[in-house]
Amino acid sequence: FKCIEIYQIGQKLKNQSNSNANSDLKEAIALAKTGVFGCRLNIEVNLPLISDEAIKEKFYSDLKELEL
């Protein structure tokens, strides 16, 4: 969930940061978004392997939180 936090902070900093560091900020936002996407993919691909419905439901809940 740190990637989401970094992504959200980056979004808040848009148009408020030093213009010389703008490309660094955009890169940080893109990397955070990629991290969230990778996490989602990992959860989705492994869900069919989980037989415990309570655990599976927790992962579905986590997926909802990982939406950007």
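The values are calculated or read from the model by the stated rules, or taken from the named source; none is laboratory data. Please read all numbers here as calculations on a predicted model, not as lab measurements. No Cβ is skipped: glycine too gets one built from the backbone with ideal geometry, and neighbour counts run over all protein chains shown. Surface areas here come from the heavy atoms of the whole protein model, side chains and all, with no ligands, DNA or RNA. Shrake-Rupley method; radii C 1.70, N 1.55, O 1.52, S 1.80 Å.
Residues are listed down the side, and each one gets a yes or a no for (1) aromatic (Phe, Trp, Tyr); (2) closer than 21 Å to residue 64 by Cβ; (3) in contact with a helix residue (DSSP H, G or I) (Cβ under 6 Å, 6 or more places away or on another chain):
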residue	(1), (2), (3)
7	yes, yes, yes
14	no, no, no
20	no, no, no
27	no, no, no
33	no, yes, yes
Subset of segment 1-59, residues among the charged types (D, E, K, R), assigned to a helix (DSSP H, G or I) and open to solvent by 50 Å² or more (accessible area, probe 1.4 Å), comes to 2, 5, 12, 24, 26, 27, 33, 40, 44, 53, 57, 58
